[in-house]
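These notes concern the structure reproduced below.
Since every read-out is calculated from the coordinates, none of them should be taken as a lab result. Only a predicted model underlies this, so the values are computations on that prediction, with no experimental measurement involved. FYI the Cβ positions are ideal-geometry reconstructions off the backbone, even for glycines, and counts take in every protein chain you see.
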Amino acid sequence: MRFTIFQDSRKGSRKVNQDRIAYIYGRDTLLMVLADGMGGHAGGEIAAQIAVRLFAERFQQDAQPVLNNPLEFLHDTMRRAHAALGSYARQFSLVETPRTTCVAVIIQAGYAYWAHAGDSRFYLFRQGQVYSQTKDHSKVQYLLDRGLITEEEVPFHPERNRIYSCLGGAVEPVIDLSRRTTLRTNDILLLCSDGFWTVMPTREIANILTTAPLLQAAPRMMREAQQRGGADGDNLSTIIMRWDTDTDTDTPPATETATLSPDEFRTELERTVTVTDHTGVNNRELTDEEIERAIAEIQATIQKFRH
């Protein structure tokens with residue numbers, strides 16, 4: 001495989017960043033995953049952390065050297081993450097189960113596969129146009145589909161945050177799966193949280209990514225998105241990948257995986273953990289001991305659901 005990739009996550013104007021992102025690749029397969037913890041529910045960042053880490057660990061466990069069924073892997077891992085969040089809440093007698101949206105993409109044998117729950121998005125851009133994108137599980141998407149509002153109204157609608165599918169919710173999540181999609185040279189794949197797409201119109205994203213090298217355009221776009229968010233800006237995160245680029249279009253050159261051994265993986269996983277305590281308080285700094293305990297608790301939950 002040959003690709004150029006960028007990821008970034010910023011807390012915007014919020015006290016805590018509840019987004020989590022990661023990408024992991026082996027010689028013949030790549031996973032990208034983004035989770036946006038739901039701020040109205042205690043422990044949104046815990047939910048996002050569990051979802052992303054469970055994806056990462058199951059991917060390294062199952063991709064030996066490739067996944068037998070990428071769509072089944074995506075669906076099964078999201079369902080396991082949903083169950084893991086319920087288990088975590090019961091273990092610590094939480095009043096509310098931590099919740100998160102999630103979008104994940106697998107690249108394998110020149111094909112892309114993706115799945116999502118909630119309003120974190122995936123776009124596939126081809127030759128400057130949107131070739132495919134996810135459809136939000138939200139009230140405003142329902143209104144948009146029925147022609148009751150316009151696409152331009154979606155980011156500003158008062159009910160924009162009403163989501164009907166997520167991981168950790170009271171009911172089983174709706175998980176949408178893509179078809180197997182053939183990738184072409186210079187296709188651009190983008191995962192993002194709603195803090196990004198609400199301030200960056202799709203046409204503008206496409207234009208920026210097709211008029212400048214990815215590793216120049218992507219950070220500039222993130223800076224612009226954070227500035228537009230202003231004093232009320234949400235957490236914003238992106239993972240952006242250009243498939244099979246020419247090495248003279250990006251600096252440094254595209255990532256090459258041919259030199260990896262079949263059981264070797266490279267991981268870019270967010271290391272910083274900021275979590276609420278079990279009372280749901282997230283407006284104070286946790287001690288090092290509390291952070292380590294939270295990490296251990298999250299890891300213990302993941303271990304129960306990875307196999």
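Calculate the FRET efficiency for Gln60 and Leu148 from the Cβ-Cβ distance with a Förster distance of 51 Å, rounded to the nearest 0.05. The partial results should precede the final answer.
Numbers: r = 44 Å, r/R0 = 0.87.
For Gln60 and Leu148, the calculated efficiency is 0.70.
Using Cα-Cα distances under 8 Å and only pairs 6 or more residues apart, what relative contact order does the range 6-106 have, in percent?
Working: 159 pairs, mean separation 33.5, N = 101.
Averaging sequence separation for qualifying contacts and normalising by length gives 33 percent for the range 6-106.
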How large is the dipole of the chain about the Cα centre if only Lys and Arg carry +1 and Asp and Glu carry -1, each at its Cβ, rounded to the nearest 20 debye? 400
Quick one: if you stick a label point 7 Å off each Cα along the C-beta vector at Arg2 and Leu177, how many nm between them? 3.2
Alpha carbon centroid spacing (whole Å) that separates the range 3-80 from the range 129-193: 17
With n ≥ 4 as the cut-off for DSSP H runs, can you work out [θ] at 222 nm for the chain, using -39500 (n - 2.57) per run divided by the number of residues, rounded to the nearest 500? -10000 deg cm²/dmol
Sequence ranges 29-38, 211-220, ranked by mean other-Cβ count within 10 angstrom, highest first: 29-38, 211-220
Cut-off is 10 Å between beta-carbons; in what order do Lys15, Lys139 appear when sorted fewest neighbours first? Lys15, Lys139
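Scaled to the compact-protein estimate 2.2 N^0.38 Å, what is the alpha-carbon radius of gyration of the range 2-305, rounded to two decimal places?
Numbers: Rg = 18.4 Å, N = 304, 2.2 N^0.38 = 19.3 Å.
Expressed relative to 2.2 N^0.38 Å, the Cα Rg reads 0.95.
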Relative contact order for the chain: what percent, with Cα pairs under 8 Å and sequence separation of 6 or more? 31
At Leu71 and Gln91, where each label point lies 7 Å from the Cα along Cα→Cβ, what is the point-to-point distance in nanometres? 3.3
Identify, among Ala115, Ala300, Gly12, the residue whose Cα sits farthest towards the positive end of the charge dipole of the chain, taking +1 on the Cβ of Lys and Arg and -1 on the Cβ of Asp and Glu, with the dipole about the Cα centre. Ala115
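Quick one: order Arg266, Arg121 by neighbouring beta-carbon count within 10 Å, fewest to most. Walk me through the intermediate numbers first.
On the way: Arg266 13, Arg121 22.
Listing Arg266, Arg121 from fewest to most nearby Cβ atoms yields Arg266, Arg121.
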So which residue, out of Ile240, Ile295, Ile46, gets the largest mean-square fluctuation from a GNM of the chain using Cα contacts under 10 Å as springs? Ile295
Proximal lysines to Lys135, defined as alpha-carbon separation beneath 25 angstrom and excluding residues fewer than eight positions away on the same chain: Lys11
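Pull out the extension gain between Asp263 and His307, defined as 0.36 nm times the separation in residues minus the alpha carbon to alpha carbon distance; nm, one decimal.
On the way: separation 44, 0.36 × 44 = 15.84 nm, distance 1.80 nm.
This chain segment gains 14.0 nm when fully extended.
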Choice from Gly43, Gly195, Gly229 showing the highest fluctuation, given a GNM over the chain with Cα pairs closer than 10 Å: Gly229
Please build a GNM for the chain, connecting alpha carbons under 10 Å apart, and tell me which residue among Glu152, Glu45, Glu297 fluctuates the most. Glu152
